[in-house]
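Asks: Before I ask anything, let me first share the structure, which is written out below as C-alpha coordinates.
The values are calculated or read from the model by the stated rules, or taken from the named source; none is laboratory data. Worth saying up front: this structure is predicted, and the values here are computed from it rather than measured. Every residue, glycine as well, gets a Cβ built from its backbone with ideal geometry; the counts of neighbours run over all protein chains shown.
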Amino acid sequence: MHADVLTAGIDGLDEALAAVDAFDDVLVAGLLRPQAAQSAALAELADAVAGSPLSARVAEAADKASAGAAGEDHFVALAAARTALLGSVHDALAARIAEALGRPAAEEPPAPAPGGEDHAANLLSAARTWLCDLARAGWRGLDHELAAGAAPVVSAMLRDPALRRQATLLDGFAAELAASCPGAALERVPVRRWADLWSRALLLTVPGAAGAPATAGATGRLLPLGVDLQEHATAVQAQVHAVLEPADGGPSRLVRASVSVPKPDTVVGAGLWQLLRPHMSLLAAVSEGRAMELDAMPVTAEGDLIWDDARARTGEPADALVTARVALPAAAAPPTAPLDRHPARIAVPVLLEGYDTEQDDSGLAFRIAGHRLAVDADRAPDAGPLTPEAVAGSGTCIALLRWDGGEFRVQPLAVEKLVRKKPVALHAGAWAGGTADKAGVRAEKAATTAVAVLRERAGKLLRT
(Lines give C-alpha, C1' and ligand atoms only; values in the text may rest on other atoms or scores of the structure.)
Protein backbone atom coordinates (compact mmCIF):
# COMPACT_ATOMS: atom_id res chain seq x y z
CA MET A 1 0.00 0.00 0.00
CA HIS A 2 1.16 3.52 -0.84
CA ALA A 3 -0.01 5.24 2.35
CA ASP A 4 1.14 8.63 1.09
CA VAL A 5 -1.54 8.49 -1.62
CA LEU A 6 -4.25 8.04 1.00
CA THR A 7 -3.13 11.04 3.03
CA ALA A 8 -2.96 13.44 0.07
CA GLY A 9 -5.83 15.86 -0.50
CA ILE A 10 -8.54 15.36 -3.14
CA ASP A 11 -9.63 18.32 -5.23
CA GLY A 12 -13.25 19.34 -4.69
CA LEU A 13 -13.88 16.90 -1.85
CA ASP A 14 -14.29 19.50 0.89
CA GLU A 15 -16.55 21.65 -1.28
CA ALA A 16 -18.86 18.75 -2.10
CA LEU A 17 -19.14 17.72 1.54
CA ALA A 18 -19.73 21.33 2.60
CA ALA A 19 -22.72 21.54 0.23
CA VAL A 20 -24.10 18.30 1.66
CA ASP A 21 -23.61 19.50 5.24
CA ALA A 22 -25.37 22.78 4.45
CA PHE A 23 -28.39 20.96 3.06
CA ASP A 24 -28.43 18.56 6.01
CA ASP A 25 -28.66 21.54 8.34
CA VAL A 26 -31.70 22.71 6.38
CA LEU A 27 -33.53 19.54 7.39
CA VAL A 28 -32.91 20.21 11.09
CA ALA A 29 -35.28 23.18 11.21
CA GLY A 30 -37.46 21.99 8.33
CA LEU A 31 -38.81 23.73 5.25
CA LEU A 32 -42.28 24.71 6.37
CA ARG A 33 -41.17 28.31 6.92
CA PRO A 34 -37.65 28.61 5.45
CA GLN A 35 -35.27 31.23 6.80
CA ALA A 36 -32.58 33.14 4.93
CA ALA A 37 -29.81 30.74 6.01
CA GLN A 38 -31.80 27.79 4.70
CA SER A 39 -32.37 29.50 1.36
CA ALA A 40 -28.64 30.11 1.07
CA ALA A 41 -27.91 26.44 1.80
CA LEU A 42 -30.41 25.33 -0.84
CA ALA A 43 -28.77 27.65 -3.36
CA GLU A 44 -25.37 26.16 -2.44
CA LEU A 45 -26.69 22.67 -3.16
CA ALA A 46 -28.05 23.80 -6.53
CA ASP A 47 -24.74 25.46 -7.42
CA ALA A 48 -22.85 22.27 -6.53
CA VAL A 49 -24.70 20.31 -9.26
CA ALA A 50 -24.94 23.18 -11.75
CA GLY A 51 -22.80 21.36 -14.31
CA SER A 52 -24.76 18.11 -14.14
CA PRO A 53 -27.97 16.85 -15.81
CA LEU A 54 -29.74 17.59 -12.52
CA SER A 55 -29.01 21.31 -12.78
CA ALA A 56 -32.36 22.70 -13.97
CA ARG A 57 -34.55 20.48 -11.77
CA VAL A 58 -32.51 21.12 -8.64
CA ALA A 59 -32.41 24.88 -9.25
CA GLU A 60 -36.20 24.91 -9.55
CA ALA A 61 -36.54 22.73 -6.44
CA ALA A 62 -34.26 25.01 -4.45
CA ASP A 63 -36.32 28.07 -5.45
CA LYS A 64 -39.61 26.39 -4.54
CA ALA A 65 -38.26 25.08 -1.23
CA SER A 66 -36.89 28.52 -0.34
CA ALA A 67 -40.41 29.91 -0.82
CA GLY A 68 -41.94 27.16 1.30
CA ALA A 69 -43.81 25.79 -1.71
CA ALA A 70 -41.88 22.59 -2.51
CA GLY A 71 -43.86 19.57 -3.67
CA GLU A 72 -42.94 15.90 -3.80
CA ASP A 73 -41.04 16.19 -7.09
CA HIS A 74 -38.99 19.05 -5.68
CA PHE A 75 -38.01 17.11 -2.58
CA VAL A 76 -37.05 14.13 -4.75
CA ALA A 77 -34.82 16.42 -6.82
CA LEU A 78 -33.11 17.77 -3.71
CA ALA A 79 -32.55 14.23 -2.39
CA ALA A 80 -31.13 13.23 -5.78
CA ALA A 81 -28.71 16.18 -5.75
CA ARG A 82 -27.50 15.29 -2.27
CA THR A 83 -27.08 11.64 -3.25
CA ALA A 84 -25.21 12.59 -6.42
CA LEU A 85 -22.76 14.74 -4.45
CA LEU A 86 -22.04 11.94 -1.99
CA GLY A 87 -21.74 9.59 -4.95
CA SER A 88 -19.06 11.81 -6.46
CA VAL A 89 -17.21 11.76 -3.12
CA HIS A 90 -17.47 7.97 -3.05
CA ASP A 91 -16.07 7.70 -6.58
CA ALA A 92 -13.16 10.03 -5.82
CA LEU A 93 -12.28 8.06 -2.68
CA ALA A 94 -12.61 4.72 -4.50
CA ALA A 95 -10.26 5.95 -7.24
CA ARG A 96 -7.77 7.08 -4.59
CA ILE A 97 -7.91 3.65 -2.91
CA ALA A 98 -7.35 1.89 -6.25
CA GLU A 99 -4.32 4.12 -6.84
CA ALA A 100 -2.91 3.45 -3.37
CA LEU A 101 -3.34 -0.31 -3.73
CA GLY A 102 -2.29 -0.53 -7.37
CA ARG A 103 -5.56 -2.19 -8.31
CA PRO A 104 -7.75 -1.39 -11.33
CA ALA A 105 -10.77 0.78 -10.63
CA ALA A 106 -14.13 -0.99 -10.50
CA GLU A 107 -16.29 -0.98 -13.61
CA GLU A 108 -19.76 0.53 -13.84
CA PRO A 109 -22.49 -1.90 -12.75
CA PRO A 110 -25.26 -2.87 -15.18
CA ALA A 111 -28.62 -1.17 -14.83
CA PRO A 112 -30.92 -2.95 -12.38
CA ALA A 113 -33.86 -4.91 -13.71
CA PRO A 114 -37.22 -3.12 -13.55
CA GLY A 115 -38.69 -3.42 -10.08
CA GLY A 116 -42.28 -3.91 -11.21
CA GLU A 117 -43.71 -1.58 -8.56
CA ASP A 118 -46.43 -0.13 -10.84
CA HIS A 119 -49.07 -2.12 -8.97
CA ALA A 120 -47.92 -0.48 -5.72
CA ALA A 121 -47.66 3.12 -6.93
CA ASN A 122 -50.16 4.21 -4.27
CA LEU A 123 -48.00 2.80 -1.47
CA LEU A 124 -44.86 4.44 -2.83
CA SER A 125 -46.75 7.72 -3.13
CA ALA A 126 -47.94 7.43 0.48
CA ALA A 127 -44.37 6.83 1.62
CA ARG A 128 -43.21 9.90 -0.33
CA THR A 129 -45.91 11.99 1.28
CA TRP A 130 -44.75 11.01 4.77
CA LEU A 131 -41.10 11.69 3.93
CA CYS A 132 -41.98 15.10 2.49
CA ASP A 133 -43.93 15.92 5.66
CA LEU A 134 -40.77 15.07 7.61
CA ALA A 135 -38.74 17.51 5.51
CA ARG A 136 -41.26 20.27 6.09
CA ALA A 137 -41.40 19.72 9.84
CA GLY A 138 -37.65 19.15 10.26
CA TRP A 139 -35.96 17.09 12.91
CA ARG A 140 -36.65 19.72 15.56
CA GLY A 141 -40.34 19.58 14.67
CA LEU A 142 -40.66 15.85 15.25
CA ASP A 143 -43.53 14.58 17.37
CA HIS A 144 -45.05 11.15 17.97
CA GLU A 145 -47.95 11.75 15.60
CA LEU A 146 -45.63 12.56 12.71
CA ALA A 147 -43.29 9.64 13.43
CA ALA A 148 -46.26 7.25 13.62
CA GLY A 149 -47.48 8.36 10.21
CA ALA A 150 -45.32 5.73 8.54
CA ALA A 151 -46.89 2.77 10.38
CA PRO A 152 -49.86 2.09 8.04
CA VAL A 153 -47.65 2.49 4.96
CA VAL A 154 -45.05 0.08 6.34
CA SER A 155 -47.72 -2.48 7.30
CA ALA A 156 -49.12 -2.43 3.78
CA MET A 157 -45.67 -2.61 2.16
CA LEU A 158 -44.56 -5.58 4.22
CA ARG A 159 -47.27 -7.72 2.62
CA ASP A 160 -45.58 -7.29 -0.76
CA PRO A 161 -42.15 -9.00 -1.11
CA ALA A 162 -41.25 -6.58 -3.91
CA LEU A 163 -41.49 -3.69 -1.43
CA ARG A 164 -39.73 -5.36 1.49
CA ARG A 165 -36.56 -3.29 0.99
CA GLN A 166 -38.38 0.04 1.19
CA ALA A 167 -40.58 -1.16 4.03
CA THR A 168 -37.63 -2.24 6.15
CA LEU A 169 -35.87 1.08 5.68
CA LEU A 170 -38.99 3.11 6.46
CA ASP A 171 -39.79 0.96 9.51
CA GLY A 172 -36.33 1.35 11.00
CA PHE A 173 -36.20 5.07 10.24
CA ALA A 174 -39.64 5.70 11.76
CA ALA A 175 -38.75 3.71 14.87
CA GLU A 176 -35.56 5.72 15.33
CA LEU A 177 -37.47 8.98 14.96
CA ALA A 178 -40.17 7.84 17.38
CA ALA A 179 -37.56 6.98 19.98
CA SER A 180 -36.19 10.54 19.69
CA CYS A 181 -39.46 12.46 20.09
CA PRO A 182 -40.01 15.24 20.74
CA GLY A 183 -37.38 16.64 18.40
CA ALA A 184 -37.37 20.02 20.11
CA ALA A 185 -35.96 18.41 23.26
CA LEU A 186 -33.08 16.55 21.59
CA GLU A 187 -29.66 17.47 22.94
CA ARG A 188 -27.95 16.33 19.75
CA VAL A 189 -29.50 15.63 16.37
CA PRO A 190 -27.80 12.91 14.23
CA VAL A 191 -27.83 15.31 11.29
CA ARG A 192 -25.88 13.30 8.70
CA ARG A 193 -27.46 9.95 9.59
CA TRP A 194 -31.07 11.13 9.41
CA ALA A 195 -30.41 13.02 6.18
CA ASP A 196 -28.85 9.85 4.73
CA LEU A 197 -31.88 7.77 5.71
CA TRP A 198 -34.35 10.40 4.49
CA SER A 199 -32.75 10.90 1.07
CA ARG A 200 -32.25 7.16 0.47
CA ALA A 201 -35.81 6.32 1.52
CA LEU A 202 -37.21 9.08 -0.69
CA LEU A 203 -35.30 7.96 -3.77
CA LEU A 204 -36.34 4.35 -3.21
CA THR A 205 -39.98 5.44 -3.52
CA VAL A 206 -39.35 6.45 -7.14
CA PRO A 207 -40.80 3.61 -9.28
CA GLY A 208 -38.00 1.45 -10.68
CA ALA A 209 -35.30 2.77 -8.32
CA ALA A 210 -35.34 -0.39 -6.22
CA GLY A 211 -35.20 -2.83 -9.12
CA ALA A 212 -33.84 -6.28 -8.46
CA PRO A 213 -30.08 -6.51 -9.09
CA ALA A 214 -28.94 -8.64 -12.01
CA THR A 215 -27.56 -11.99 -10.90
CA ALA A 216 -25.44 -14.73 -12.44
CA GLY A 217 -24.22 -18.14 -11.30
CA ALA A 218 -20.79 -18.29 -9.62
CA THR A 219 -18.90 -21.57 -9.80
CA GLY A 220 -15.43 -21.93 -8.33
CA ARG A 221 -13.41 -21.70 -5.14
CA LEU A 222 -14.31 -19.21 -2.43
CA LEU A 223 -11.39 -18.10 -0.22
CA PRO A 224 -12.58 -16.24 2.91
CA LEU A 225 -10.62 -13.22 4.15
CA GLY A 226 -12.56 -12.30 7.27
CA VAL A 227 -15.90 -11.54 8.89
CA ASP A 228 -17.39 -8.15 9.65
CA LEU A 229 -19.94 -8.58 12.46
CA GLN A 230 -22.46 -5.76 12.84
CA GLU A 231 -24.73 -5.78 15.87
CA HIS A 232 -27.90 -3.83 16.66
CA ALA A 233 -30.15 -4.10 19.70
CA THR A 234 -32.67 -6.17 17.75
CA ALA A 235 -30.65 -7.61 14.84
CA VAL A 236 -27.21 -8.90 13.92
CA GLN A 237 -25.44 -9.33 10.57
CA ALA A 238 -22.30 -11.20 9.61
CA GLN A 239 -20.69 -10.23 6.31
CA VAL A 240 -17.92 -12.47 4.99
CA HIS A 241 -15.41 -10.86 2.64
CA ALA A 242 -13.74 -13.31 0.29
CA VAL A 243 -11.95 -13.88 -3.01
CA LEU A 244 -13.76 -15.92 -5.66
CA GLU A 245 -11.61 -17.91 -8.09
CA PRO A 246 -13.89 -18.96 -11.00
CA ALA A 247 -13.70 -22.58 -12.10
CA ASP A 248 -13.46 -21.52 -15.77
CA GLY A 249 -10.11 -19.84 -15.15
CA GLY A 250 -11.49 -16.32 -15.39
CA PRO A 251 -10.11 -13.44 -13.31
CA SER A 252 -10.63 -13.66 -9.56
CA ARG A 253 -12.90 -11.11 -7.90
CA LEU A 254 -13.81 -9.79 -4.48
CA VAL A 255 -17.22 -10.90 -3.23
CA ARG A 256 -19.30 -10.69 -0.07
CA ALA A 257 -21.74 -13.10 1.58
CA SER A 258 -24.07 -11.79 4.26
CA VAL A 259 -26.55 -13.25 6.71
CA SER A 260 -28.85 -11.20 8.96
CA VAL A 261 -31.17 -12.38 11.72
CA PRO A 262 -33.30 -10.75 14.43
CA LYS A 263 -32.05 -11.15 17.97
CA PRO A 264 -33.20 -10.56 21.54
CA ASP A 265 -31.22 -7.92 23.39
CA THR A 266 -30.12 -10.51 25.95
CA VAL A 267 -28.03 -12.40 23.38
CA VAL A 268 -24.62 -10.75 23.04
CA GLY A 269 -20.96 -11.63 22.47
CA ALA A 270 -20.16 -15.11 21.22
CA GLY A 271 -23.81 -16.08 21.61
CA LEU A 272 -24.57 -14.16 18.43
CA TRP A 273 -23.01 -16.91 16.33
CA GLN A 274 -25.70 -19.33 17.54
CA LEU A 275 -28.29 -17.20 15.80
CA LEU A 276 -26.30 -16.89 12.59
CA ARG A 277 -24.82 -20.39 12.08
CA PRO A 278 -27.98 -22.22 11.01
CA HIS A 279 -28.44 -19.82 8.10
CA MET A 280 -25.01 -19.99 6.42
CA SER A 281 -22.53 -22.87 6.38
CA LEU A 282 -19.82 -20.46 5.26
CA LEU A 283 -19.38 -19.32 8.86
CA ALA A 284 -18.15 -22.77 9.90
CA ALA A 285 -15.66 -22.76 7.02
CA VAL A 286 -14.35 -19.37 8.12
CA SER A 287 -13.90 -20.63 11.68
CA GLU A 288 -12.08 -23.75 10.48
CA GLY A 289 -9.90 -21.88 7.99
CA ARG A 290 -11.25 -23.64 4.92
CA ALA A 291 -12.26 -22.69 1.40
CA MET A 292 -15.67 -23.48 -0.06
CA GLU A 293 -16.52 -24.89 -3.48
CA LEU A 294 -19.45 -23.10 -5.10
CA ASP A 295 -21.73 -24.49 -7.79
CA ALA A 296 -23.83 -21.89 -9.64
CA MET A 297 -24.19 -19.76 -6.50
CA PRO A 298 -26.24 -16.65 -7.38
CA VAL A 299 -24.13 -13.50 -7.27
CA THR A 300 -25.05 -9.92 -8.13
CA ALA A 301 -23.00 -7.69 -10.40
CA GLU A 302 -21.98 -5.78 -7.25
CA GLY A 303 -20.30 -8.91 -5.82
CA ASP A 304 -22.95 -9.97 -3.29
CA LEU A 305 -23.48 -13.73 -3.07
CA ILE A 306 -27.11 -14.74 -2.56
CA TRP A 307 -26.10 -17.56 -0.26
CA ASP A 308 -27.63 -21.01 -0.69
CA ASP A 309 -26.12 -23.84 1.37
CA ALA A 310 -27.27 -26.36 -1.24
CA ARG A 311 -24.85 -24.79 -3.74
CA ALA A 312 -21.77 -24.89 -1.52
CA ARG A 313 -19.57 -27.54 0.06
CA THR A 314 -16.58 -27.28 2.35
CA GLY A 315 -13.24 -27.40 0.55
CA GLU A 316 -9.57 -27.67 1.43
CA PRO A 317 -7.78 -25.68 4.16
CA ALA A 318 -7.24 -22.06 3.16
CA ASP A 319 -5.35 -19.70 5.45
CA ALA A 320 -6.80 -16.19 5.27
CA LEU A 321 -3.37 -14.55 5.55
CA VAL A 322 -2.07 -16.63 2.64
CA THR A 323 -5.13 -15.68 0.63
CA ALA A 324 -4.51 -12.02 1.42
CA ARG A 325 -0.88 -12.26 0.33
CA VAL A 326 -1.38 -14.35 -2.82
CA ALA A 327 -4.93 -13.95 -4.14
CA LEU A 328 -6.09 -10.55 -2.86
CA PRO A 329 -3.76 -8.31 -4.94
CA ALA A 330 -5.09 -9.74 -8.22
CA ALA A 331 -8.78 -9.80 -7.26
CA ALA A 332 -10.95 -7.32 -9.13
CA ALA A 333 -13.05 -4.95 -7.04
CA PRO A 334 -16.82 -5.19 -7.57
CA PRO A 335 -18.71 -2.19 -9.00
CA THR A 336 -21.05 -0.20 -6.77
CA ALA A 337 -24.75 0.25 -7.47
CA PRO A 338 -25.75 3.91 -8.04
CA LEU A 339 -27.76 4.32 -4.85
CA ASP A 340 -25.01 2.63 -2.81
CA ARG A 341 -22.36 5.19 -3.81
CA HIS A 342 -21.79 6.73 -0.40
CA PRO A 343 -18.52 7.23 1.50
CA ALA A 344 -19.86 5.23 4.46
CA ARG A 345 -20.32 2.17 2.22
CA ILE A 346 -16.61 1.94 1.37
CA ALA A 347 -15.09 -1.24 2.84
CA VAL A 348 -12.13 -2.52 0.80
CA PRO A 349 -10.18 -5.60 2.00
CA VAL A 350 -6.45 -4.87 2.31
CA LEU A 351 -3.34 -6.57 3.69
CA LEU A 352 -0.99 -4.47 5.81
CA GLU A 353 2.51 -5.60 6.78
CA GLY A 354 5.66 -4.02 8.13
CA TYR A 355 3.93 -1.28 10.07
CA ASP A 356 4.58 0.16 13.50
CA THR A 357 1.74 0.74 15.94
CA GLU A 358 1.33 3.89 17.99
CA GLN A 359 -1.21 5.01 20.57
CA ASP A 360 -2.00 8.64 21.33
CA ASP A 361 -4.95 10.78 22.40
CA SER A 362 -6.67 10.25 19.05
CA GLY A 363 -6.46 6.47 19.34
CA LEU A 364 -4.56 3.56 17.84
CA ALA A 365 -2.81 3.97 14.48
CA PHE A 366 -0.48 2.14 12.13
CA ARG A 367 2.63 3.97 10.94
CA ILE A 368 3.31 2.88 7.33
CA ALA A 369 6.38 4.32 5.58
CA GLY A 370 6.17 7.36 7.84
CA HIS A 371 2.47 7.97 7.24
CA ARG A 372 -0.19 7.58 9.92
CA LEU A 373 -3.26 5.41 9.23
CA ALA A 374 -5.94 5.44 11.92
CA VAL A 375 -7.23 2.09 13.22
CA ASP A 376 -10.82 1.38 14.29
CA ALA A 377 -9.82 -1.33 16.74
CA ASP A 378 -13.08 -0.88 18.65
CA ARG A 379 -14.97 -2.29 15.64
CA ALA A 380 -13.56 -5.72 16.49
CA PRO A 381 -16.55 -7.63 17.95
CA ASP A 382 -16.69 -9.12 21.43
CA ALA A 383 -17.75 -12.35 19.72
CA GLY A 384 -14.16 -13.32 18.90
CA PRO A 385 -10.58 -13.34 20.16
CA LEU A 386 -9.49 -10.25 18.20
CA THR A 387 -9.01 -7.48 20.77
CA PRO A 388 -7.61 -3.94 20.53
CA GLU A 389 -4.60 -5.15 22.52
CA ALA A 390 -3.95 -7.89 19.97
CA VAL A 391 -4.17 -5.35 17.15
CA ALA A 392 -1.75 -3.04 18.94
CA GLY A 393 0.79 -5.86 19.25
CA SER A 394 0.47 -7.13 15.69
CA GLY A 395 2.80 -6.94 12.72
CA THR A 396 0.44 -8.13 9.97
CA CYS A 397 -3.22 -7.24 9.51
CA ILE A 398 -6.10 -8.07 7.17
CA ALA A 399 -8.45 -5.11 7.36
CA LEU A 400 -11.27 -3.25 5.68
CA LEU A 401 -10.16 0.15 4.45
CA ARG A 402 -12.89 2.68 5.24
CA TRP A 403 -13.38 6.42 5.15
CA ASP A 404 -14.78 8.00 8.28
CA GLY A 405 -14.55 11.37 9.97
CA GLY A 406 -12.75 12.93 7.03
CA GLU A 407 -9.91 10.40 6.83
CA PHE A 408 -9.10 6.86 5.75
CA ARG A 409 -9.20 4.31 8.55
CA VAL A 410 -8.78 0.55 8.79
CA GLN A 411 -11.03 -1.97 10.54
CA PRO A 412 -9.03 -5.11 11.47
CA LEU A 413 -10.52 -8.48 10.49
CA ALA A 414 -7.48 -10.58 11.43
CA VAL A 415 -3.96 -9.98 12.73
CA GLU A 416 -0.78 -11.94 13.15
CA LYS A 417 1.42 -11.35 16.19
CA LEU A 418 4.35 -13.05 17.85
CA VAL A 419 3.64 -15.12 20.94
CA ARG A 420 6.76 -16.64 22.47
CA LYS A 421 8.55 -15.89 19.20
CA LYS A 422 6.00 -17.83 17.16
CA PRO A 423 3.49 -16.19 14.79
CA VAL A 424 -0.12 -16.55 15.98
CA ALA A 425 -3.15 -15.48 13.92
CA LEU A 426 -6.25 -14.03 15.57
CA HIS A 427 -9.45 -13.63 13.56
CA ALA A 428 -12.60 -11.67 14.34
CA GLY A 429 -14.63 -14.61 13.02
CA ALA A 430 -12.63 -17.36 14.71
CA TRP A 431 -15.61 -18.37 16.89
CA ALA A 432 -18.16 -18.27 14.06
CA GLY A 433 -18.37 -22.06 13.79
CA GLY A 434 -17.89 -22.80 17.49
CA THR A 435 -15.07 -22.45 19.97
CA ALA A 436 -13.29 -24.17 22.84
CA ASP A 437 -12.20 -20.80 24.24
CA LYS A 438 -13.42 -20.51 27.85
CA ALA A 439 -14.87 -17.02 27.42
CA GLY A 440 -16.59 -18.02 24.21
CA VAL A 441 -18.04 -21.19 25.76
CA ARG A 442 -19.46 -19.21 28.70
CA ALA A 443 -21.04 -16.64 26.38
CA GLU A 444 -22.59 -19.33 24.18
CA LYS A 445 -23.98 -21.15 27.20
CA ALA A 446 -25.58 -17.95 28.48
CA ALA A 447 -27.03 -17.29 25.02
CA THR A 448 -28.46 -20.81 24.86
CA THR A 449 -30.20 -20.26 28.20
CA ALA A 450 -31.58 -16.87 27.13
CA VAL A 451 -32.94 -18.21 23.85
CA ALA A 452 -34.51 -21.23 25.56
CA VAL A 453 -36.30 -18.97 28.07
CA LEU A 454 -37.58 -16.70 25.31
CA ARG A 455 -38.86 -19.64 23.27
CA GLU A 456 -40.65 -21.03 26.31
CA ARG A 457 -42.32 -17.68 26.98
CA ALA A 458 -43.27 -17.30 23.33
CA GLY A 459 -44.78 -20.79 23.37
CA LYS A 460 -46.90 -19.92 26.42
CA LEU A 461 -48.14 -16.73 24.77
CA LEU A 462 -49.14 -18.63 21.64
CA ARG A 463 -51.02 -21.23 23.70
CA THR A 464 -53.06 -18.63 25.61
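Asks: So for the stretch 36-54 (the condition being in contact with a Gly (Cβ under 7 Å, 6 or more places away or on another chain), aliphatic (A, V, I, L, M) and either under 15 Å from residue 88 (Cα atoms) or surrounded by 12 or more Cβ atoms within 10 Å (Cβ to Cβ) (or both)), does at least one residue qualify?
Replies: No, that holds for no residue.
Asks: Could you go through the stretch 407-418 and let me know if any residue there is among the polar types (S, T, N, Q), surrounded by fewer than 19 Cβ atoms within 10 Å (Cβ to Cβ) and not in a helix (DSSP H, G or I).
Replies: So the first thing to find is which residues in the stretch 407-418 are among the polar types (S, T, N, Q), and the list is 411.
In the following step, the residues that additionally are surrounded by fewer than 19 Cβ atoms within 10 Å (Cβ to Cβ) were identified as none.
Within the stretch 407-418 (the criterion being among the polar types (S, T, N, Q), surrounded by fewer than 19 Cβ atoms within 10 Å (Cβ to Cβ) and not in a helix (DSSP H, G or I)), the answer is no, since none of the residues qualifies.
Asks: Also, quick follow-up: For the stretch 336-373, give me each residue that is in contact with an Asp or Glu (Cβ under 6 Å, 6 or more places away or on another chain) and closer than 30 Å to residue 108 by Cα.
Replies: 337
Asks: Another question, then. Can residue 6 be described as outside any helix (DSSP H, G or I), touching a residue at least 60 places away in the same chain (Cβ under 8 Å) and either in contact with a strand residue (DSSP E or B) (Cβ under 9 Å, 6 or more places away or on another chain) or more than 30 Å from residue 103 (Cα to Cα) (or both)?
Replies: On the way: outside any helix (DSSP H, G or I): no; touching a residue at least 60 places away in the same chain (Cβ under 8 Å): yes; either in contact with a strand residue (DSSP E or B) (Cβ under 9 Å, 6 or more places away or on another chain) or more than 30 Å from residue 103 (Cα to Cα) (or both): yes.
Spelling it out, it is not the case that residue 6 is outside any helix (DSSP H, G or I), touching a residue at least 60 places away in the same chain (Cβ under 8 Å) and either in contact with a strand residue (DSSP E or B) (Cβ under 9 Å, 6 or more places away or on another chain) or more than 30 Å from residue 103 (Cα to Cα) (or both).
Asks: Return the total of residues in the stretch 303-330 being within 30 Å of residue 416 (Cα to Cα) and either among the polar types (S, T, N, Q) or not in a helix (DSSP H, G or I) (or both). Outline the logic, then answer.
Replies: Filtering the stretch 303-330 for residues within 30 Å of residue 416 (Cα to Cα) gives 303-305, 307, 312-330.
Then drop every residue that is not either among the polar types (S, T, N, Q) or not in a helix (DSSP H, G or I) (or both), which leaves 303-305, 307, 312-319, 323, 327.
Of the residues in that region, 14 qualify.
Asks: Which of (1) small (Gly, Ala, Ser); (2) buried (at least 17 other Cβ atoms within 10 Å of the Cβ); (3) assigned to a helix (DSSP H, G or I) is the odd one out, the single condition residue 210 does not satisfy?
Replies: That leaves (3) as the condition not met.
Asks: Moving on. Name the single residue, out of those in the stretch 163-211 being among the hydroxyl-bearing types (Ser, Thr, Tyr) and more than 17 Å from the chain's Cα centre (by Cα), that is farthest from residue 28 (Cα to Cα).
Replies: Restricting to residues being among the hydroxyl-bearing types (Ser, Thr, Tyr) and more than 17 Å from the chain's Cα centre (by Cα), the top hit is 205.
Asks: Look through the stretch 331-352, keep the residues that are in a helix (DSSP H, G or I) and farther than 19 Å from residue 3 by Cα, and return whichever of them is farthest from the chain's Cα centre (by Cα).
Replies: 338
Asks: Follow-up. Among the listed residues 255, 267, identify the single one that is part of a loop (DSSP other than H, G, I, E, B), in contact with a Leu (Cβ under 9 Å, 6 or more places away or on another chain) and crowded, with 16+ Cβ neighbours inside 10 Å.
Replies: Working: 255 fails: part of a loop (DSSP other than H, G, I, E, B).
Testing whether each residue is part of a loop (DSSP other than H, G, I, E, B), in contact with a Leu (Cβ under 9 Å, 6 or more places away or on another chain) and crowded, with 16+ Cβ neighbours inside 10 Å leaves just 267.
Asks: OK, next. Looking at the stretch 288-297, can you tell me whether even one residue there is among the acidic types (Asp, Glu), outside any strand (DSSP E or B) and under 21 Å from residue 330 (Cβ atoms)?
Replies: Within the stretch 288-297, not a single residue is among the acidic types (Asp, Glu), outside any strand (DSSP E or B) and under 21 Å from residue 330 (Cβ atoms).
Asks: Hey, can you tell me all the residues within the stretch 177-196 that are out of contact with any Asp or Glu (no Cβ under 6 Å at 6 or more places or on another chain) and closer than 13 Å to residue 142 by Cβ?
Replies: The answer is 177, 178, 179, 180, 183, 184, 185, 186, 189, 190, 194.
Asks: Within the stretch 396-415, is even one residue of a type in the set (Ser, Thr, Tyr) and either under 25 Å from residue 275 (Cα atoms) or at pLDDT below 80 (or both)?
Replies: The answer is no, given that none of the residues of the stretch 396-415 is of a type in the set (Ser, Thr, Tyr) and either under 25 Å from residue 275 (Cα atoms) or at pLDDT below 80 (or both).
Asks: Here's another thing I want to ask about it. Residues 240, 236: which one is under 16 Å from residue 331 (Cα atoms), in a strand (DSSP E or B) and among the hydrophobic types (A, V, I, L, M, F, W, C)?
Replies: Answer to the check: 240.
Asks: A further question on this structure: Quick check on residue 200: is it over 30 Å from residue 324 (Cα atoms) and not in a loop (DSSP other than H, G, I, E, B)? Show your work before the answer.
Replies: On the way: over 30 Å from residue 324 (Cα atoms): yes; not in a loop (DSSP other than H, G, I, E, B): yes.
The answer is yes for residue 200.
Asks: Within the stretch 291-299, identify whether any single residue is within 24 Å of residue 410 (Cβ to Cβ), under 23 Å from the mean Cα position of the chain (by Cα) and of a type in the set (A, V, I, L, M, F, W, C), and answer yes or no. Walk me through it before giving the result.
Replies: Residues of the stretch 291-299 within 24 Å of residue 410 (Cβ to Cβ): none.
Checked the stretch 291-299: no residue is within 24 Å of residue 410 (Cβ to Cβ), under 23 Å from the mean Cα position of the chain (by Cα) and of a type in the set (A, V, I, L, M, F, W, C).
Asks: Still on this structure: Of the residues that sit in the stretch 302-360 and are within 18 Å of residue 408 (Cα to Cα) and of a type in the set (Ser, Thr, Tyr), which one is surrounded by the fewest Cβ atoms within 10 Å (Cβ to Cβ)?
Replies: Ranking the qualifying residues of the stretch 302-360, first place goes to 357.
Asks: Go through 392, 399, 436 for me and flag whichever is of a type in the set (A, V, I, L, M, F, W, C) and within 23 Å of the chain's Cα centre (by Cα).
Replies: None of the other options fit; the residue is 399.
Asks: Separate question: May I ask you to list pairs of residues, at least six apart or on different chains, whose Cβ atoms are under 7 Å apart, with the first in the stretch 265-286 being acidic (Asp, Glu) and the second being modelled with pLDDT of 90 or more?
Replies: Nothing qualifies.
Asks: Show the residue pairs meeting these rules: Cβ distance below 8 Å; 6+ apart or different chains; first residue within the stretch 162-177 and under 15 Å from residue 203 (Cβ atoms); second residue polar (S, T, N, Q) and surrounded by fewer than 22 Cβ atoms within 10 Å (Cβ to Cβ).
Replies: Between residues of the stretch 162-177 that are under 15 Å from residue 203 (Cβ atoms) and residues that are polar (S, T, N, Q) and surrounded by fewer than 22 Cβ atoms within 10 Å (Cβ to Cβ), there is no close pair.
Asks: Across the stretch 361-380, what is the total count of residues that are surrounded by fewer than 21 Cβ atoms within 10 Å (Cβ to Cβ), assigned to a loop (DSSP other than H, G, I, E, B) and within 27 Å of the chain's Cα centre (by Cα)?
Replies: Total satisfying the criteria: 2.
Asks: To continue, here is another question. Test residue 440 against the criterion of being closer than 20 Å to residue 100 by Cα and at pLDDT below 90, and give yes or no.
Replies: Here the answer is no, as residue 440 does not meet what is asked.
Asks: Go through (1) buried (at least 17 other Cβ atoms within 10 Å of the Cβ); (2) over 26 Å from residue 268 (Cβ atoms); (3) among the aliphatic types (A, V, I, L, M) for residue 390 and report which single condition fails.
Replies: (2)
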